[in-house]
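Student: The following block contains the structure, expressed as structure tokens.
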């Protein structure tokens, strides 16, 4: 199980719902200038690509994914002409440096996210930016709160960890992106808060995104012996219960933006200074004339 | 122990720091019109009062608290002339109806927060608003995450529960304020996110507010046998560890605003309609002339 969430149709529907409800929260402040080139690494079924390309109609996107099945869905979903879909593994992908990189809901599945970020850094022009968005299942809090609900959520976290990923990665974006060598790293949390006055989010997030995602690992969690069927079902029922009028649900996504500041090597710097008419040596020499 | 956080000097300093670091996040959107009257219920040492009265210089505040010691500090701290401090218990306090009520970090200590909110509702004029702010210790997530840190936090939660309060009350504001009969209730989460790029919050929130607050119940938690000294100290050390450059810390406050919509009784309504020159009956009667 390399990808916990799976590729079945129900899952694709969930990812579609999720993108719809969360578009504004996650993506409203991501826009790329006309003429710029953007690499979307791990575009999957294109759930984020739809919004990305619509928000930056003048930019050109290259959206890559390792799965041909996902790309087939993405190509059907995204009809804009400023995106090219390419089947490729990140590590084997070669291209001209991009102005910007965008990566969303991908690092959570990787055993070595810093290595992936460092690889993406090599694909950026000097001064280019990376934008990273991840969730954090440990940020889920809700009312009424029950132990069974937390145990069901922990199944998803455990399965993702067994697959080499980290479902709690959101809170780590700042140290991860910094460790990969990016600078001016800024992380902003994006909290989804749901209560009885927000029926769209009750349906689009609490029910059809988060709880459906937990429920989606039921068979695997039972097969692995992580929990009993009764306890898991109780937990999922409790999560659906938070969608009632007097329930609440909270979940936080994290968005990081970093810059690929490429340092000028010491030799180059010396050469540049020597060639500069306004170096200190030059000025001091003149002052002594 | 009626009030978990205690009244000692160190605690007052902590509350002062907290107010300083969080003023913008919690209070920037609370302003009352000139001439309006506002009741601040449970003002304590005036940590919020300073900001409240400064942000609404034309409004008149009545800030009440049951503790004479706290009020003495509040009177020294708040020198503005648009506030009157009154020593009173909420249940025994009588006054002309206020235009607005403000209550911050109070409900967490009460066994029956809905009853308190309902009482506050009786002190509001029709159409007046209530603003409620509370934290939620269950919203704390951090990196590196350790079991010991969570166990130390749970001591604070358990002590507050033993004292009749609820340290996880933030997530319940919507149902609580609604249950008290307020309408148009809107809750907005206010998340404090701290990473290595935010030294002010590392110091002001992670260290001096949250971790200091947990550490503040050390003696009580040990006396009650909730945890061993070694484990508690390990947890607190782990919380301080999240304040390092590669650590992160998250905490969410919740702010609710509700309106005291007083329904006009059916009899009154009939009378008002009968006396109106522009009622449907009247208009239809004329149209038939």
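The values are calculated or read from the model by the stated rules, or taken from the named source; none is laboratory data. Predicted, not measured: the structure shown is a model, and the values here were computed from it. Methodologically, a virtual Cβ is constructed for each residue, glycine included, from the backbone with ideal geometry; neighbour enumeration extends over all protein chains shown.
Student: From the list A:79, A:51, A:30, A:37, which one is under 26 Å from residue A:187 (Cα atoms) and without any contact (Cβ under 8 Å) to a residue 40 or more places away in the chain?
Tutor: Working: A:79 fails: under 26 Å from residue A:187 (Cα atoms); A:30 fails: without any contact (Cβ under 8 Å) to a residue 40 or more places away in the chain; A:37 fails: without any contact (Cβ under 8 Å) to a residue 40 or more places away in the chain.
After ruling out the rest, the residue left standing is A:51.
Student: Turning to a different aspect of this structure: Could you tell me which residue of region A:225-245 is farthest from residue B:253 (Cα to Cα), considering only residues that are touching a residue at least 60 places away in the same chain (Cβ under 8 Å) and within 13 Å of chain B (Cβ to nearest Cβ)?
Tutor: Of everything passing the filter in region A:225-245, A:241 is farthest from residue B:253 (Cα to Cα).
Student: Just give me the residues in region B:166-185 being facing chain A (nearest Cβ under 9 Å), surrounded by fewer than 24 Cβ atoms within 10 Å (Cβ to Cβ) and either farther than 19 Å from residue B:125 by Cα or modelled with pLDDT under 95 (or both), in sequence order.
Tutor: Hits for region B:166-185 are B:168, B:175.
Student: Considering only residues that are touching a strand residue (DSSP E or B) at 6+ places or on another chain (Cβ under 8 Å) and farther than 30 Å from residue B:261 by Cβ, which ones fall in region B:149-195?
Tutor: B:149, B:192, B:193, B:194, B:195 - these are the residues of region B:149-195 that are touching a strand residue (DSSP E or B) at 6+ places or on another chain (Cβ under 8 Å) and farther than 30 Å from residue B:261 by Cβ.
Student: Quick test for you: out of A:289, A:203, A:195, A:267, pick the one residue that is more than 14 Å from chain B (Cβ to nearest Cβ) and either within 22 Å of residue B:173 (Cα to Cα) or modelled with pLDDT of 90 or more (or both). Spell out the reasoning first.
Tutor: Values: A:289 fails: either within 22 Å of residue B:173 (Cα to Cα) or modelled with pLDDT of 90 or more (or both); A:195 fails: more than 14 Å from chain B (Cβ to nearest Cβ); A:267 fails: either within 22 Å of residue B:173 (Cα to Cα) or modelled with pLDDT of 90 or more (or both).
Going through A:289, A:203, A:195, A:267 in turn, the sole match is A:203.
Student: Under the condition of being touching a strand residue (DSSP E or B) at 6+ places or on another chain (Cβ under 9 Å) and assigned to a helix (DSSP H, G or I), which residue from region B:3-60 is modelled with the lowest pLDDT? Reasoning before the result, please.
Tutor: Going residue by residue through region B:3-60, those that are touching a strand residue (DSSP E or B) at 6+ places or on another chain (Cβ under 9 Å) are B:21-22, B:25-27, B:29-30, B:32-33, B:35-49, B:52-53, B:56, B:59-60.
Checking which are assigned to a helix (DSSP H, G or I) leaves us with B:21-22, B:25-27, B:49, B:52-53.
Values: B:21: 60, B:22: 78, B:25: 90, B:26: 93, B:27: 94, B:49: 96, B:52: 95, B:53: 97.
Out of the qualifying residues, it is B:21.
Student: Can you name every one of the helices (runs of 4 or more DSSP H) wholly within region B:110-196 that holds 2 or more residues which are over 27 Å from residue B:229 (Cβ atoms)?
Tutor: Numbers: elements: B:113-122, B:147-162, B:173-179.
In region B:110-196, the matching helices (runs of 4 or more DSSP H) lie at B:113-122, B:173-179.
Student: Being in a loop (DSSP other than H, G, I, E, B) and out of contact with any helix residue (DSSP H, G or I) (no Cβ under 8 Å at 6 or more places or on another chain) is the filter here, so list the residues in region B:89-109 that pass it.
Tutor: To start, the set of residues in region B:89-109 that are in a loop (DSSP other than H, G, I, E, B) comprises B:89, B:93-97, B:105-106.
Those that are in a loop (DSSP other than H, G, I, E, B) and out of contact with any helix residue (DSSP H, G or I) (no Cβ under 8 Å at 6 or more places or on another chain): B:89, B:93, B:94, B:95, B:96, B:97, B:105.
Student: What is the number of the single condition among (1) away from chain B (no Cβ under 14 Å); (2) outside any helix (DSSP H, G or I); (3) free of Cβ contacts under 8 Å to residues at least 24 places away in the same chain that residue A:222 does not meet?
Tutor: Evaluating residue A:222 over (1) away from chain B (no Cβ under 14 Å); (2) outside any helix (DSSP H, G or I); (3) free of Cβ contacts under 8 Å to residues at least 24 places away in the same chain leaves (2) as the failure.
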